[in-house]
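Q: Structure incoming, see below.
The values are calculated or read from the model by the stated rules, or taken from the named source; none is laboratory data. Model, not experiment: these values are computed from the prediction. Please note: Cβ atoms are built from the backbone with ideal geometry, for glycine as well, and neighbour counts cover all protein chains shown. Note: accessible area is taken over every heavy atom of the protein model, side chains too, but ligands, DNA and RNA are not part of it. Shrake-Rupley method; radii C 1.70, N 1.55, O 1.52, S 1.80 Å.
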Amino acid sequence: MSIISVTNGATTLQLNSETLAITVEAGGRRWSWAEGYVPRILLKDGGEKRFSEAVEIRHSIWKTGVGDGIRSTYRAFPNGKEEIPFAFETIVWTEGSTGDVYFEFIPRCDEGLEVTGVCWPGPMSFEEGDKSWYSVLNIEQGLLLPNDWPVELTKMHFGGQFCSAAAYMPWFGQVRPDGGYIAINQTPWDGAYDVDHPADGPYTHISLRWLPSLGKMDYRRIARYTFLPDCDYNDLCKVYRAYVQETGHFVSLAEKAARNPRVDKLIGAAFVHKGIKTHVDPYSDFFDPADPEKNNSLVPFSIRTQEVLNYKRLGVEKLYLHLDGWGQPGYDNQHPDYLPACAEAGGWEGLKELSDTLESCGYMFGLHDQYRDYYFDAATFDKEFGIHAPDGSVFEMSRWAGGHQTYLCASQAPYYVKRNFEEVLRHGIHLEGTYLDVFTCNEPDECVHPEHRMTRRQCLEYRGQCFDYLTSRGIVPSSEECNDWAMESLVFCHYGPHDFMLAPPGAPRHGIPAPLFNLVYHECMILPWPMDHLEGQEDYMLYALLNGGAAYMDKDGAYPGIDGAFGSNKVLEENIARWRIVAELQEKVAKCELTRHEILDGDPLKQRSTFSDGTTVTVNFADSSYDIVYGA
């Protein structure tokens, strides 16, 4: 066995030339890859090529004016009596000024292999079956996974892709008693991560997986590891916060309000989620042939108008109404051809009356809309503008209410958004906010159609253009969940929940919830929280308080029984009183940093948040108690 070693400052990198494993010694602390891990290339046919199978492998010391490291070159792979020319390099190096360690995968020749993923760098050895050893995962709002946690976690939503609900932020980390590390994916658009945590541990392995872009590895992929002594998850979050501030990705609510003053109006508002028309297509997975009444429903705009006036009568000063199913086809039907306003509910006149009433009450109004799900029965549907996979196929499903659909290529979305909203505004609808569904929840798409070829990174750019168009028209943009890639444009969302909130009550939890996203981005986004307090369950209002967020005052789920729609408080006056408690706090701290979150006395039922103005919020989920101490 041959060890290649290079030292820069307090950091030493070692490469085992036999196993290709990397060890990092940083500040006297040693981090090694998990024993037996094999760097490999995943193939379309289900097979794999190990790095060690390369016909030619060379290692050398790599030095520049900013750092030192180890370069490895892998050229050609055997294929019977022939050689496949596929070749790449890896560079692992330490930045002299910071001590950060970079892992770079650099393709040199993309020919000869149909790659579906590159598994490198490997997971750190993290084998101690003790709760003081825990992993930090950005699954939705955030999760701490102790090594001895009893519930298995091995399968990730969206295949673990970054830029989706599987990772609101493109990093993960691990903490042990003597220190920890944070791994930041600096090229997250074509990346994913894998987690291996069996029931009861005693270990957790987390590793990166690079995805091809339009069938090719194509460009350099970069992950940055920062190693810290004596740290916790708060410290990892602050490392990432500094990174996004350094790169210009951090845009505060104050900055967003400078572009659109309506941002400030949203702070402290009661969130109300209501619908108009539901139509479930017979081909939809949600269609119930045994109970036809469940498949179709209608609430006139005039009823929603009366509800708005009732909120005003009950003393609600600030409110944001999110309206589902307002278009003629009904909720989740025939997108992107959703206009006109639903005729049976009162048409454009009825929608305008509702809009005018909200404006006269000083309330805010936003519409639900959708520019990813592309329905075959939409008036202008053309399969040519659907997402074309690298093999030329077009995905089809019938999951949602509208039935048969594919995905619209995001290159087309900005045009449809402008077409539809210009028409809405021409009818005098006073919009102050709007919701573009799934953009910040679902993974980025890619498309090979020659007329609208699109990488995943470009997909996110097109989605961002949709948000920016809304801002240009004075409309505050939102989407389904919060996500790091959209933080320069997005102001609020439907929710930014912990993952257990989207599972049925009582379902096993995958770890301890922690507000990782808010520890980085609290003063950049307005996150409304569910306020449910179901019998035998904890009071979700406490999460709204811990996070200094907004509150749902009245919410009807579009699809009961999924996505957190498992019931709610239905006494409106009680909901209003609870909203006031949350709103008072939010108005104090919305533009403050969430500086620290703590689990008190080692008990996950007792937690505390501290904001940059000195405000503290302490909650006890066991007895639903809370204590708010306001700062300066």
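Q: Just checking, how many residues over region 202-212 are open to solvent by less than 10 Å² (accessible area, probe 1.4 Å) and outside any loop (DSSP other than H, G, I, E, B)?
A: Within region 202-212, residues that are open to solvent by less than 10 Å² (accessible area, probe 1.4 Å) and outside any loop (DSSP other than H, G, I, E, B) number 3.
Q: Considering only strands (runs of 3 or more DSSP E) fully contained in region 103-182, which possess at least 1 residues that are surrounded by fewer than 23 Cβ atoms within 10 Å (Cβ to Cβ)?
A: Fully inside region 103-182 and qualifying: 115-119, 143-146, 171-176.
Q: While we're on this one: Which fully enclosed strands (runs of 3 or more DSSP E) of region 239-320 have 1 or more residues being free of Cβ contacts under 8 Å to residues at least 40 places away in the same chain and open to solvent by 60 Å² or more (accessible area, probe 1.4 Å)?
A: Result: 296-298.
Q: Ok, one more. Residue check, residue 447 against (1) surrounded by fewer than 23 Cβ atoms within 10 Å (Cβ to Cβ); (2) under 23 Å from the mean Cα position of the chain (by Cα), all met but one. Which one?
A: So residue 447 meets the others, but not (1).
Q: Of all the residues that make up region 474-520, how many are assigned to a helix (DSSP H, G or I), within 12 Å of the chain's Cα centre (by Cα) and not acidic (Asp, Glu)?
A: Residues meeting the conditions: 4.
Q: State all residues of region 1-15 that are surrounded by fewer than 20 Cβ atoms within 10 Å (Cβ to Cβ) and either under 36 Å from the mean Cα position of the chain (by Cα) or within 22 Å of residue 98 (Cβ to Cβ) (or both); if no residue qualifies, say none.
A: 5, 6, 7, 8, 9, 10, 12, 14
Q: Go through region 33-53 and give me each residue that's surrounded by fewer than 17 Cβ atoms within 10 Å (Cβ to Cβ) and either on the phi < 0 side of the Ramachandran plot or among the β-branched types (Val, Ile, Thr) (or both).
A: Those that are surrounded by fewer than 17 Cβ atoms within 10 Å (Cβ to Cβ) and either on the phi < 0 side of the Ramachandran plot or among the β-branched types (Val, Ile, Thr) (or both): 35, 38, 43, 44, 45, 47, 48, 50, 52, 53.
Q: Within 28 Å of residue 176 (Cα to Cα) and surrounded by fewer than 20 Cβ atoms within 10 Å (Cβ to Cβ): which single residue out of 56, 95 fits that description?
A: The match here is 95.
Q: Considering only residues that are hydroxyl-bearing (Ser, Thr, Tyr) and in a helix (DSSP H, G or I), look in region 454-473 and name the one that is farthest from residue 366 (Cα to Cα).
A: This residue is 462.
Q: So, in region 373-408, of the ones that are of a type in the set (Ser, Thr, Tyr) and open to solvent by 20 Å² or more (accessible area, probe 1.4 Å), which residue ends up modelled with the lowest pLDDT?
A: Going through the qualifying residues, I end up with 393.
Q: Looking at the structure I just gave you, is residue 453 basic (Lys, Arg) and within 20 Å of residue 138 (Cβ to Cβ)?
A: no
Q: Continuing with the same structure: Pull up region 592-632, narrow it to residues that are assigned to a loop (DSSP other than H, G, I, E, B) and farther than 19 Å from residue 518 by Cβ, then point me to the one that is nearest to the chain's Cα centre (by Cα).
A: Ranking the qualifying residues of region 592-632, first place goes to 605.
Q: Could you run through region 422-444 and say how many residues are part of a helix (DSSP H, G or I) and either open to solvent by less than 10 Å² (accessible area, probe 1.4 Å) or without any contact (Cβ under 8 Å) to a residue 60 or more places away in the chain (or both)?
A: Looking only at that region, the number is 4.
Q: Answer yes if at least one residue in region 299-307 is closer than 29 Å to residue 404 by Cβ and of a type in the set (Val, Ile, Thr), and no otherwise.
A: Within region 299-307 (the criterion being closer than 29 Å to residue 404 by Cβ and of a type in the set (Val, Ile, Thr)), the answer is yes, since at least one residue qualifies.
Q: Residues of region 16-32 being in contact with a Pro (Cβ under 6 Å, 6 or more places away or on another chain) and surrounded by fewer than 17 Cβ atoms within 10 Å (Cβ to Cβ), which ones?
A: Once the filter is applied, which keeps residues that are in contact with a Pro (Cβ under 6 Å, 6 or more places away or on another chain) and surrounded by fewer than 17 Cβ atoms within 10 Å (Cβ to Cβ), region 16-32 yields only 27.
Q: Further question on the same structure: Give the residues of region 321-351 that are more than 18 Å from residue 269 (Cα to Cα), touching a residue at least 60 places away in the same chain (Cβ under 8 Å) and in a strand (DSSP E or B), sorted by residue number.
A: Those that are more than 18 Å from residue 269 (Cα to Cα), touching a residue at least 60 places away in the same chain (Cβ under 8 Å) and in a strand (DSSP E or B): 324, 341.
Here is a yes/no grid of residues against (1) at pLDDT 95 or above; (2) of a type in the set (S, T, N, Q); (3) in contact with a strand residue (DSSP E or B) (Cβ under 8 Å, 6 or more places away or on another chain); (4) open to solvent by 10 Å² or more (accessible area, probe 1.4 Å):
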residue	(1), (2), (3), (4)
534	no, no, no, yes
542	yes, no, yes, no
545	yes, no, yes, no
548	yes, no, yes, no
552	yes, no, yes, yes
558	no, no, yes, yes
562	no, no, no, yes
584	yes, no, no, yes
589	yes, no, yes, no
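Q: Still on this structure, please answer the following. Please work out which residue is nearest to residue 445 (Cα to Cα), limiting yourself to region 459-475 and to residues that are of a type outside the set (Asp, Glu) and open to solvent by 60 Å² or more (accessible area, probe 1.4 Å).
A: Only one residue tops the list, namely 465.
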